[in-house]
Amino acid sequence: MIVQKDFLNKLKDFGLNSYESKLWIALLSRGVSTAGELSDISNVPRSRAYDVLESLEKKGFIIVKVGKPIKYLAVTPGEVIERVKRKVIEEADQRNKILSNLRESEVLEELNTLHTEGIKLIDPTDKSGAFRGREKAYDHLLSMIKRAKKNISIMTTNEGLERKSEILFQHLKKAAKNGVVVRMAIPADGSANKDIVSSFSKFAKIKQQNGKTARFCIIDSDEILVFLTDDKKVHKSYDCAVWLNAPYFLDYFSSLFETEWKN
């Protein structure tokens, strides 16, 4: 049986490896078959066929028929998708419960103690990091926002404002509710989404700035995340950012933001 490699690769979305994919496709094409027959038409070694079929049975892709020789019956692909979906949800719920329990456990307290003691040993010049990919940068930006105690100062593009509306809106709103002053500087070219600006304006101070736009976020004058690329010219996978906890560097960017804010 000849099956295109690209098609086999797509079956990885079902959580199947190469041998599992080949045997499942072979069984789908036959409806019901023995391990030997499936091995022959799928080019999966007989020494592996039984183990792989057992794995497929546990995952709910096939049914083992009673009798001799042992035969296997294929489950309809639509039903397989539902089974895989239920399993993913169950596993996610289970992991969520485990992580929730860890949050309240002594293990987290011990880990936090280790981290606190470790931070004291870090040289100030080591408090920095680089992120390649917008998703990673936003994950760290979210962590910074959660640490904010006094103020959050953001300078961004109109596209960046829309992304923050989707990803960070609720977290910025929560910070403002907790007494953190949230300020956002955006381009004054009139292309900003008015609905988004209106939504942010309910809890944040927003000003439009003339001239060129940078992308950065300053938290409590303690740490800063600066994007190094133009979000209009680079794919999100190649967007780059640098995080710094350096007083000298922060003093400059803080004064830069204050100047733009006053103007």
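Annotations for the structure displayed:
- Projected onto its three principal axes, the C-alpha set of the chain covers 84, 48, 33 Å, listed from the longest axis down.
- Counting every other Cβ atom within 10 Å of each residue's Cβ, Glu109, Glu162 order from fewest to most as Glu109, Glu162.
- Above-threshold pairs, the threshold being 32 Å between Cα atoms, out of Lys146/Lys236; Lys150/Lys194; Lys87/Lys194: Lys87/Lys194
- Under 5 Å from the amide H of Gln209 lie the amide H atoms of Ile186, Ala188, each residue being 5 or more positions distant or on a separate chain, with H modelled from the backbone and absent for Pro and chain starts.
- Neighbour-count order for Trp243, Trp261, fewest beta carbons within 10 angstrom listed first: Trp261, Trp243
- Look at Phe14, Phe200 and count the other Cβ atoms within 10 Å of each Cβ; fewest to most, that gives Phe14, Phe200.
- Less than 5 angstrom separates the built amide H of Ala246 from those of Ile224, all sequence-distant by 5 or more or on a different chain.
- Relative compactness, region 128-262, computed as alpha-carbon Rg over 2.2 N^0.38 Å: 0.96
- Three principal axis extents describe the C-alpha atoms of region 194-263; from largest down they are 33, 30, 23 Å.
- Note on region 7-110: Rg/Rh from C-alpha atoms, Kirkwood Rh, equals 1.16.
- Relative contact order %, region 141-263, counting alpha carbon pairs below 8 Å whose residues are six or more apart: 27 percent
- Each residue of region 230-235 was assigned a 3J(HN,Hα) from its phi angle through the Karplus expression (A = 6.51, B = -1.76, C = 1.60, θ = phi - 60°), giving 8, 5, 7, 10, 10, 6 Hz with x at Gly and Pro.
- Taking label points 7 Å from Cα along the Cα-to-Cβ direction, Thr259 and Ile70 give a separation of 7.6 nm.
- Principal axis dimensions, largest first and in whole angstrom, of region 7-51 by Cα: 26, 22, 14
- Where both bridge residues fall in the chain, DSSP classifies roughly 70% of the beta bridges as antiparallel.
- With both labels modelled 7 Å from their Cα along Cα-to-Cβ, the Phe14 to Ser198 distance reads 4.9 nm.
Throughout, read-outs are computed from the coordinates displayed, never taken from laboratory work. Every value quoted in this text rests on a predicted model; they were computed, and no experiment measured them. Every residue, glycine as well, gets a Cβ built from its backbone with ideal geometry; the counts of neighbours run over all protein chains shown.
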